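Remarks on the structure that follows.
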Amino acid sequence: MSDARDPASTEADGIVPLLEPRDGLPPVVVTDAALAEVTGRLAEGTGPVAVDAERASGYRYGQRAYLVQLRRAGAGTVLIDPIACPDLSGVDAALEDAEAVLHAASQDLPCLAEIGFRPRRLFDTELAGRLLGYPRVALGTLVEEVLGFHLEKGHSAADWSVRPLREELLRYAALDVEVLTDLRDALAGELEDQGKAEWARQEFEAVLAARPAAARADPWRRTSGIHRVQSRRGLAVVRELWTARDRIAQRADLSPRRVLPDTAIIEAARSYPANHAQLAKISGFAGRQARRHEKDWLTAVARARASTDDELPETTGGGLPNGPPPAHRWAERDPAAAARLAAARAAITALAEENRLPVENLLSPDALRRLSWDPPKPCDGQAVADALAGYAARPWQVELTAEPIARALCDLPAQVDQAAILDDVAQSEG
């Protein structure tokens, strides 16, 4: 840390609690004049800029930012209200050449882009922690383990859309960027020591290059508990209720789950309520918001009940186009493919342990499944490397995994143990 904290506040275990911003709590920027002033300060600052955003996803519809925090050497901490100041393109221009330091950047970059802030260079402290093999990579945990400071994280689920924001929330927000650059510097040094700095650079570039995913064809299939709905007609109920709920939530600017919980949708899909009495038996429909829209729910269920067979959704829909089937079915459909997947998973797991990496950060599970289901021909290291690049693996991932995967896929004996495959796949699928 660049400035020592009061030793008297040090706890018995050596962890120092961060209770107040080192420069005091700055005022929230809510006017164009104030925005212009802090933009000038940020432009005159030096080095990386720590960035964070607070959303209200559990309360409001969508993922918009309700507070943006920035801190840069020479500029101090800046708190901007994007509701009052919805255009941060000036801040974006002022920080064009600065590296942005974020924690779990993929969560905040979309809402920052909506208000005109799009970093060109990135350091993601959560992703760095993963590459370094830290078992827990929440911001508070990393700050405590790496820097020896304790961040209070009790306000992470607060409703940031409420105005005015309480002082304790603003203090919490300011402290989130207080030590982010210090954490970045410490993790960058560890990445260099472990020979992973280039891996991190490629990962950060991939995060910045990622474009918002195209709208999911069947977003209702993400309803929690949908695995309990086995029939096509039941899935139609899920679809119709989810669509009605989303429309109501968007109109009211509320989180969809505050309008109607997923549990209520699933129970309705299993019981097909046709009237008020039957709907009232499902507890999730008893909430104030849900009761207000009872007619919409009954209309949605009736629409699903009246759907013709060709209008009903398939039970296996919602997957990636042209992708392999679910892995737990491979042993029956293609034992050789199941054996390849088991061998490839074992190779990747060993490689991840050797390099102190989470398996999912070494290679995406989807890429591994696709390679195992349909290996390249001819099956060799170069062909596997080319296929991995086609699945958007980064160069460092390709270099590290292509040969081990090729050995697992291409050198597998023709005769495989069906029982062993079934057992391995079952364990892998959890």
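Sorting Trp373, Trp242, Trp297 on solvent-accessible area from highest to lowest, probe radius 1.4 Å, gives Trp373, Trp242, Trp297.
Partners of Lys281 within straight-line reach, counting lysines whose Cα lies under 25 Å from its Cα and excluding those fewer than 8 residues away in the same chain: Lys295. Between Leu254 and Ser57, the modelled label-to-label distance comes to 2.0 nm, taking each label 7 Å out from Cα in the direction of the beta carbon. Heavy-atom accessible surface of Tyr391, to the nearest 10 Å², is about 90 Å², with a 1.4 Å probe and all protein chains retained.
By a 1.4 Å probe calculation restricted to protein chains, Asp386 has an accessible surface near 90 Å², given to the nearest 10. Backbone geometry of the range 148-159 corresponds, through the Karplus equation with coefficients 6.51, -1.76 and 1.60 at θ = phi - 60°, to 3J(HN,Hα) couplings of x, 10, 9, 9, 6, 10, x, 9, 5, 9, 6, 8 Hz, x marking Gly and Pro.
Around the amide H of Ala73, modelled in the peptide plane, lie the amide H atoms of Thr46, all under 5 Å away and 5 or more residues distant in sequence or on another chain.
Our summary gives the chain a relative contact order of 13 percent, counting only alpha carbon pairs under 8 angstrom and 6 or more residues apart. Listed as lacking a disulfide-compatible partner in the chain: Cys85, Cys111, by the criterion of no other cysteine Cβ under 4.7 Å. Quick check: at a probe of 1.4 Å, how many percent of the accessible area of the range 126-222 sits on carbon and sulfur atoms? That share works out to 50 percent. Restricting the trypsin sites (Lys or Arg not before Pro) of the range 231-298 to loop positions (DSSP other than H, G, I, E, B) with no more than 13 neighbouring Cβ atoms within 10 Å leaves Lys281.
Accessible surface area normalised per residue over the chain is 50 Å², counting heavy atoms of protein chains with a 1.4 Å rolling probe.
With a simple spin-label model that places each label point 7 Å from the Cα along the Cα-to-Cβ direction, the separation between Asp32 and Arg232 comes to 5.8 nm. Sparse packing (at most 16 other Cβ atoms within 10 Å of the Cβ) combined with a DSSP loop state is found for the following trypsin sites (Lys or Arg not before Pro) in the range 131-174: Arg136, Lys153, Arg166. Within the chain, the selection of entire DSSP H helices by a Cα span of 27 Å or greater along the long axis and an average Kyte-Doolittle value of at least 0.0 returns 335-354. Applying 1/(1 + (r/R0)^6) with R0 = 60 Å to the Cβ-Cβ distance of Glu198 and Ala277, what FRET efficiency is obtained, to the nearest 0.05? After rounding, the FRET efficiency stands at 0.40.
With the simple model of a label 7 Å out from the Cα in the direction of the Cβ, Arg166 to Val359 spans 4.3 nm. Between amide H atoms placed 1.01 Å from N, distances below 5 Å from Val101 occur with Val49, Ala50, Val51, Phe123, all of them 5 or more places distant or on a separate chain.
What length, rounded to one decimal in nm, is gained on full extension from Asp366 through to Ser106, with 0.36 nm per residue of separation minus their alpha-carbon distance? Don't skip to the answer; put the middle values down first.
Values: separation 260, 0.36 × 260 = 93.60 nm, distance 1.90 nm.
Stretched fully, the Asp366-Ser106 segment lengthens by 91.7 nm.
Counting only aspartates and glutamates at least 8 places from Lys377 when in the same chain, those with an alpha carbon closer than 12 Å to its own are Asp386.
Have a look at Trp199, Tyr61, Ala352 and report the one farthest towards the positive end of the charge dipole of the chain, computed about the Cα centre with Cβ charges (Lys/Arg +1, Asp/Glu -1). Going by the Cα projections, it comes out as Tyr61.
About its Cα centre, what dipole magnitude does the chain give when the only charges are +1 on Lys and Arg Cβ and -1 on Asp and Glu Cβ, stated in debye to the nearest 20? It comes to approximately 2440 debye.
The values are calculated or read from the model by the stated rules, or taken from the named source; none is laboratory data. Please read all numbers here as calculations on a predicted model, not as lab measurements. Note that we place each Cβ from the backbone using ideal geometry, even for glycine, and neighbour counts take in every protein chain shown. For accessibility, only protein heavy atoms count, side chains too; no ligands or nucleic acids. Shrake-Rupley method; radii C 1.70, N 1.55, O 1.52, S 1.80 Å.
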